[in-house]
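Let me begin by presenting the structure, written as structure tokens, before commenting on it.
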Amino acid sequence: MILLKMAFRELLIHKKRSVITVLLCAFSTALFIFVNALNDGSHKQLIRSSAETYPGYMQLTGRAFEDNPNYDNLIFDTPRIQNILKDQKWISAFSARFESYALYATDEQSIGGMFTAIEPESEAEVSRLKRSLVSGEYLSSKDTNALYLGVEFAKRLKVKVGDALSFISTGADYSFAADHLIVKGLFKTKLYEFDNSAAFVNKSYFDEVMHSTDSATHIIITPAEISQIDAVTQRLQKVVGGEIEVKNYKMILEDLVLAMKVDQIFSYITLAIFFVVIFFVVAIFAFLSVYARIRQIGVLRAIGTTPGQVMQLLLLEALILGIIGVGIGGAASAHATHYYEEHPISFGFWGDVEIEEYYKQYNMVAEVTIPTQYNPPKIAVEMLIMLMLNLASVLYPMIILRRFTPIEAMRHV
């Protein structure tokens, strides 16, 4: 108790030194937590945007479909699979698709592109196709020959909402399929290559003209808990059987996930450098602060204070300053991460250049907003790490002090 009072008294006497230490600790803590939250948030945003735009978090396909994507390797019992999925509580939503290709023709030109059947209502729960609408209307389950078209594809075909065009394709039974279509809506996902070639129709209409009833190339699934996606993948594979292959976004977007892992490694290296710099800055300041008190500590030793008690006094001072600094920095960064999770940081323009237009020429999607990830347990752990770092910074000064005898310390200038 006496040592605690002495520690508080010492901190109050040297207010300037205490304030500088607290501010240094608070700044380093806030910066460390915010950078981590920004890094985690950007990765989460990238995965969410990439998966939800079209590919989905999970996909079911025929076992041989990836290696040989033809009509012989479809999911032929779609209703049975969908009934199984309805009974799984760990699945939030699912929707069947049939991906094919067609030749589209207008009065002016003919262009090849995707010709994909979707279940409009359930598709809206597993992807952002409906939310990507920019003109006209989204598809409904009652539509027949209505077409939902990418804006870039519409520009190439020179059509707009309400215009008619024709298509020619090969049915699921390898028969000839053709019909007239009416453009019902246009969408823009910002995946420019996708917007440049994608077109969708209602699956019930598609099944009729393409002879694909009860068949699908993919069933897209959104799990109830994205964080449990690996466990859900394993469970689902056992449920649907060996003829169906279950993949999650880590397999579907393998290149992206690998790039994120590399980015995370570089982030850890950056944080390690940050730790080293912060540690030495704090350690140097702590060393100078303690070194200036050698005579005072020599007096304490001379009147009977043991070396252990002196060390406890220094640790108490560091602990008090550390708790105050880490508390201020942690509270500030927690508030900032929570705010920027709800209101992501926008980078819509880079100088006079719009970032989306810049990336468009490379057929890439540009994420113009970056959220942080507000994770209270992780913030608490990071605050504890910074507190331990501050306490560790006084260890070297303590070792130096032990080398002085009381007489040498009292004579020190």
When you scan segment 162-171, do you find a residue that is in contact with a helix residue (DSSP H, G or I) (Cβ under 9 Å, 6 or more places away or on another chain) and aliphatic (A, V, I, L, M), even just one?
yes
Contact list, first residue from segment 374-387 and more than 22 Å from ILE320 (Cα to Cα), second anywhere and of a type in the set (Val, Ile, Thr) and surrounded by 15 or more Cβ atoms within 10 Å (Cβ to Cβ), beta-carbon distance below 7 Å, six or more apart or interchain, is TYR374/THR337
Checklist entry - In this structure, does VAL201 turn out to be closer than 21 Å to ARG97 by Cβ and surrounded by 16 or more Cβ atoms within 10 Å (Cβ to Cβ)? => result yes
Conditions (1) assigned by TED's automatic domain parsing to the domain that holds VAL262; (2) more than 27 Å from the chain's Cα centre (by Cα) -> HIS43 fails only (2)
(message) Looking for something hydrophobic (A, V, I, L, M, F, W, C) and either at pLDDT 85 or above or not in a helix (DSSP H, G or I) (or both) - is there at least one such residue anywhere in segment 277-285?
(response) no
For helices (runs of 4 or more DSSP H) lying entirely in segment 309-413, having 1 or more residues that are of a type in the set (Gly, Ala, Ser) and modelled with pLDDT of 80 or more picks out 376-392
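Table: residues versus (1) in contact with an Asp or Glu (Cβ under 9 Å, 6 or more places away or on another chain); (2) modelled with pLDDT of 90 or more; (3) not aliphatic (A, V, I, L, M).
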| residue | (1), (2), (3) |
| --- | --- |
| SER42 | yes, no, yes |
| THR53 | no, no, yes |
| LEU60 | yes, yes, no |
| PRO69 | yes, no, yes |
Among the residues of segment 51-71, the number that are surrounded by fewer than 21 Cβ atoms within 10 Å (Cβ to Cβ) and assigned to a helix (DSSP H, G or I) is 3
By residue number, the members of segment 177-209 that are among the acidic types (Asp, Glu), out of contact with any Asp or Glu (no Cβ under 6 Å at 6 or more places or on another chain) and outside any strand (DSSP E or B) are GLU193, ASP207, GLU208
Quick one: is TYR192 at pLDDT 95 or above and touching a helix residue (DSSP H, G or I) at 6+ places or on another chain (Cβ under 7 Å)? no
The strands (runs of 3 or more DSSP E) lying entirely within segment 116-176 that contain at least 3 residues which are surrounded by 15 or more Cβ atoms within 10 Å (Cβ to Cβ) and over 27 Å from the mean Cα position of the chain (by Cα) are 146-150, 164-170
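The values are calculated or read from the model by the stated rules, or taken from the named source; none is laboratory data. Being a predicted model, the structure only gives us computed values, none of them experimental. Every residue, glycine as well, gets a Cβ built from its backbone with ideal geometry; the counts of neighbours run over all protein chains shown.
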